Every structure is written in C-alpha cells, then in structure tokens.
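Worksheet for the structure shown next.
The values are calculated or read from the model by the stated rules, or taken from the named source; none is laboratory data. Note that this is a predicted model, so its numbers are computed, not measured. Positions of Cβ are generated from backbone atoms using ideal geometry, with glycine treated the same way; all protein chains shown enter the neighbour counts. The protein model used for the area step is the full one, side chains on, heavy atoms only, and it has no ligands, DNA or RNA in it. Shrake-Rupley method; radii C 1.70, N 1.55, O 1.52, S 1.80 Å.
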Amino acid sequence: MASKFENPWKQNPWFESVAVAQERARKRLPDPVYKALVAGSERGQTIQQNQDAFSRIGFAPHVAGHQPERTMNTSVLGQEIALPVIISPTGVQAVHPDGEVAVARAAAARGTAIGLSNFASKSVEEVCEANPNTFFQMYWTGDRDVMLQRMERAHKAGAKALIATLDWSFSMGRDWGSPEIPEKVDFKAALRFAPKVITRPRWLWTFGKTGQIPDLTAPNLAPPNGGPAPTFFGAYYEWMTTPPPSWQDVTWMAEQWHAMTGTPFMLKGVTRVDDAKRAVDCGVDAISVSNHGGNNLDGTPATIQVLKPIADAVGDQIEVLLDGGVRRGSDVVKALALGARAVMIGRAYLWGLAANGQTGVENVLDILRGGIDSALLGMGLSSIDQLAPEQLLIPEDFVLALGAE
Ligand SMILES: Cc1cc2nc3c(=O)[nH]c(=O)nc-3n(C[C@H](O)[C@H](O)[C@H](O)COP(=O)(O)O)c2cc1C
C-alpha cells in the first residue's frame with residue numbers, strides 16, 4: 001500500500017518564474033558551469049541593460065471588457081509555432097546529460113522550434129529527430145568548402161532553416177573573471193575540478209545516472225570523413241582564425257543555403273537600421289535583432305531599445321525577431337508590440353534545463369505562455385496580432401535608431 005506520508009520538505013520541482021529557475025541553477029550547477037551560462041563581456045553593461053530595458057516599459061490595462069479567448073500562434077521561418085517564442089541557439093555543454101536533445105523535446109512538447117548551435121553538444125541528426133522544427137545555426141568559421149559541408153549535413157538531417165550568427169568580436173575579458181573550462185574531461189581535469197563539483201551532488205547524480213561525463217566536443221563540426229569532433233576550444237580556434245565575413249559573404253551564404261535547400265535563411269545579431277537594410281539586399285528571409293545576449297561588444301544597447309526602427313524599416317520585407325533579456329511573457333508582448341514577429345530565448349531555457357531537465361524547459365515555456373496570455377487579457381486583446389506600440393507606456397528617450405539616415 002502506498003504511504004500517505006508526503007515529505008513536507010521535498011522541493012517542488014515546478015518553479016513559478018525564470019528568476020527562481022536561475023536561483024536553482026546557481027545552487028545546482030558547479031560554479032564554472034553556472035558562470036559559463038551567465039557569460040556577458042567586459043563590464044557587463046549590455047547583459048544588464050538587455051533585461052533592465054524591459055522594465056522601463058509599462059502597460060495600461062483595462063478593468064473590464066476583456067476577451068474570453070486569446071490566441072498566440074504564429075509562424076517563424078516557414079514553421080507554424082504555438083507561441084511566439086523559439087529556442088535561441090546556445091552551446092549547453094555540461095548543463096545536463098541530455099543537453100540540446102532535452103531542449104528540443106521540450107520545445108516540441110510545447111509546439112515550438114529550436115535553433116541548434118554549431119557548438120552544441122548533441123548532433124543535428126539527434127536534435128532533428130527530437131524536434132522536426134529545428135533550425136541549424138552556424139558561425140562564419142572554417143573555409144567555404146567546410147561551411148558547405150556543414151550546411152549539407154544539417155539539411156540532410158532535416159534542419160528547416162539556417163541561422164547565421166555573425167555578431168562576434170572576440171571580446172574576452174570580464175570584470176568578474178571567466179570560469180575555467182577544461183579542454184576535455186579526462187582524469188586529470190576531473191581531479192582538478194573535483195572540489196568545485198563535489199559540492200553539487202544533484203548535478204553529479206544527473207550525470208552519474210547516465211554513466212556519462214560532460215562531453216566538451218562539438219559533434220556538428222566533425223569532418224565528413226568520420227574523423228573525431230573537435231573540442232570546444234579547437235572549434236573556437238578555427239573560428240578565431242577565420243577572416244571575418246564581408247556583406248558579399250552574407251549574400252554567398254544565403255544564396256548557397258537557398259540553392260541547396262530552398263528553405264529560409266536568418267541573419268542573427270543585427271542592431272542597426274542600415275545593417276538590417278543591407279541584410280535585405282543580401283537576400284535574407286529573417287533577422288534577429290540581437291547583441292548575442294550581451295556577450296559581444298559591451299556597450300551595445302539593449303535589443304528592445306533598437307527594435308522598433310529596424311522593424312519599421314524592414315518588417316514588411318522580412319521576418320524580424322528579437323532576442324536578449326527575455327525572462328517573462330510580458331517581455332515577449334513588449335517585443336511583439338514594438339514590431340517583432342517572435343522572440344528567441346537563451347538563458348531563460350538554460351536555467352530551466354539546469355533546474356529540471358526537459359521538464360524545466362517546458363516549465364519556462366509555460367511561464368512565458370502564461371505571461372503572454374495575462375498581458376493580452378489585461379489589455380483587452382484577443383490575439384498577438386493586435387499588439388501595437390500605442391498599447392505600451394514607453395519613456396521618451398527609450399527608442400534608439402542606430403545607423404538610421
Ligand atoms: C551560454 C551561451 C551560449 C551561447 N551560444 C551561442 C551560440 O552558440 N550561437 C549563437 O548564435 N548564439 C549563442 N548565444 C546567444 C543566444 O543565442 C542569444 O542570442 C542570447 O542568449 C539571448 O539573450 P538571453 O540569454 O538574455 O535570452 C549564447 C548565449 C549564451 C548565454
């Protein structure tokens with residue numbers, strides 16, 4: 001007979017906000033792993049502002065006359081999604097043994113898409129199997145033949161679009177110090193990291209159960225002849241030593257992907273109006289207004305502040321998404337009202353993954369869905385399609401038109 005006794009001290013694995021998930025992740029992950037997710041660059045100005053800027057925008061809700069039914073489904077890069085939120089690509093090495101596969105399953109369970117990083121710990125084949133709505137993300141790294149091979153592999157695996165992330169300036173220094181990450185997890189590294197890991201029994205147990213140790217390789221960058229996948233640092237070295245892309249290279253990449261697959265191409269990392277217009281000229285289908293979650297050049301403004309002029313300039317020609325600082329459903333609503341078609345989330349789902357695996361990522365998507373719905377309800381709207389800037393309270397100096405004539 002099952003005991004009626006319930007342990008009153010057992011922590012409920014469900015969490016009510018992304019902030020609670022982050023706090024659980026902080027307690028649960030070894031310090032270097034947690035710090036690698038916090039990331040940010042230099043003095044951390046951009047990473048902070050991405051989040052803070054959302055709190056400068058307000059709402060003016062109605063007291064009655066609300067809509068009983070509200071919808072938030074849309075499409076992104078040709079795929080129907082149940083809410084205007086998709087998974088932004090991140091390398092989630094060592095957070096959870098199922099890594100991006102758990103994230104992909106969670107996204108599929110909640111009817112949305114995943115962007116898979118070329119630095120990811122799981123192969124594009126496994127991730128596409130877990131979620132057919134997978135978009136493959138590439139940096140400008142390696143020579144053109146290598147890039148074409150990687151595109152080909154992603155397409156064969158079933159990726160439905162390509163995301164090219166080009167906003168990276170190799171800005172490495174952080175005022176709070178960077179976490180030490182081993183080149184690979186061998187016996188020597190395990191011994192050295194043991195003191196940091198031993199204080200995190202739940203994390204150890206999650207990996208221990210699977211008999212796996214964190215894999216710090218990038219399987220999607222493995223050579224086509226079956227050679228070994230590079231380590232994360234090997235991959236980073238290739239990236240650092242690749243000459244930076246020109247606008248002609250962007251055109252080349254978009255053309256190659258289109259010719260090879262006939263599916264959409266997104267340029268991620270746009271913060272300026274002039275760049276957004278050039279991206280249109282290069283033949284992209286979508287952009288993400290993004291500053292790499294504050295990991296690129298510190299001092300880049302919050303993405304929500306630069307969104308509207310970009311959406312006004314190119315939103316009728318291509319899909320405009322936003323990422324950076326999204327932690328709640330009301331943030332999503334603010335971005336949509338200022339012209340985004342959907343948002344991409346980064347750290348929010350990483351905290352969910354660390355806190356409770358696949359279920360934790362589903363929990364995060366549910367929090368965002370709930371928050372979007374509350375905002376629509378309060379504003380008396382029945383669909384995200386009705387969102388417009390007039391519904392927001394925006395400080396006068398808020399919107400920044402970078403690179404506008
Ligand atoms: C730990 C970490 C790793 C990331 N890795 C990648 C990556 O491999 N490719 C990429 O396009 N963006 C990467 N990003 C940026 C995210 O895709 C996204 O732009 C950013 O996290 C959004 O900000 P948010 O974390 O505040 O939601 C990474 C971000 C973090 C925090």
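Among the conditions (1) away from the ligand (no atom under 16 Å from the Cβ); (2) modelled with pLDDT of 90 or more, L83 misses just one, which is (1). Of the residues making up the range 329-363, those that are within 13 Å of the chain's Cα centre (by Cα) and under 15 Å from V20 (Cα atoms) number 8.
Meeting the requirement of 2 or more residues that are hydrophobic (A, V, I, L, M, F, W, C) and under 15 Å from D323 (Cα atoms), the helices (runs of 4 or more DSSP H) wholly within the range 18-91 are 45-54. Would you point out which residue out of T241, T231 is surrounded by 11 or more Cβ atoms within 10 Å (Cβ to Cβ), polar (S, T, N, Q) and at negative phi? Selected residue: T231, the only one of T241, T231 that is surrounded by 11 or more Cβ atoms within 10 Å (Cβ to Cβ), polar (S, T, N, Q) and at negative phi. Looking at G339, G357, G325 in this structure, which one is assigned to a loop (DSSP other than H, G, I, E, B), touching a residue at least 12 places away in the same chain (Cβ under 8 Å), away from the ligand (no atom under 16 Å from the Cβ) and on the phi > 0 side of the Ramachandran plot? Just a single option satisfies the conditions, and that option is G339.
The condition of being open to solvent by less than 20 Å² (accessible area, probe 1.4 Å), of a type outside the set (V, I, T) and either more than 16 Å from the ligand (Cβ to nearest atom) or in contact with a helix residue (DSSP H, G or I) (Cβ under 9 Å, 6 or more places away or on another chain) (or both) holds for only one of S41, S75, that being S41.
The residue that is farthest from the chain's Cα centre (by Cα), among those in the range 315-328 that are within 25 Å of Y34 (Cβ to Cβ) and of a type in the set (D, E, K, R), is R328. Within the range 271-307, the set of residues being without any contact (Cβ under 8 Å) to a residue 40 or more places away in the chain, within 14 Å of the ligand (Cβ to nearest atom) and either assigned to a helix (DSSP H, G or I) or over 18 Å from the mean Cα position of the chain (by Cα) (or both) comprises just one member, L307.
All of (1) at pLDDT 95 or above; (2) farther than 22 Å from V343 by Cα hold for K4 with one exception: (1). G315 - would you say it is in contact (Cβ under 8 Å) with a residue 60 or more places away in the chain, out of contact with any helix residue (DSSP H, G or I) (no Cβ under 6 Å at 6 or more places or on another chain) and either of a type outside the set (A, V, I, L, M, F, W, C) or open to solvent by 30 Å² or more (accessible area, probe 1.4 Å) (or both)? The answer is no for G315. Taking residues in the range 152-164 that are without any contact (Cβ under 8 Å) to a residue 40 or more places away in the chain, and partners anywhere that are within 14 Å of the ligand (Cβ to nearest atom) and open to solvent by less than 60 Å² (accessible area, probe 1.4 Å), the pairs with Cβ atoms closer than 6 Å and at least 6 places apart or on different chains are A157/V124. For the range 26-43, a residue qualifies if it is under 21 Å from R328 (Cα atoms), out of contact with any strand residue (DSSP E or B) (no Cβ under 7 Å at 6 or more places or on another chain) and at pLDDT below 95, and the qualifying residues are Y34, L37, V38, A39.
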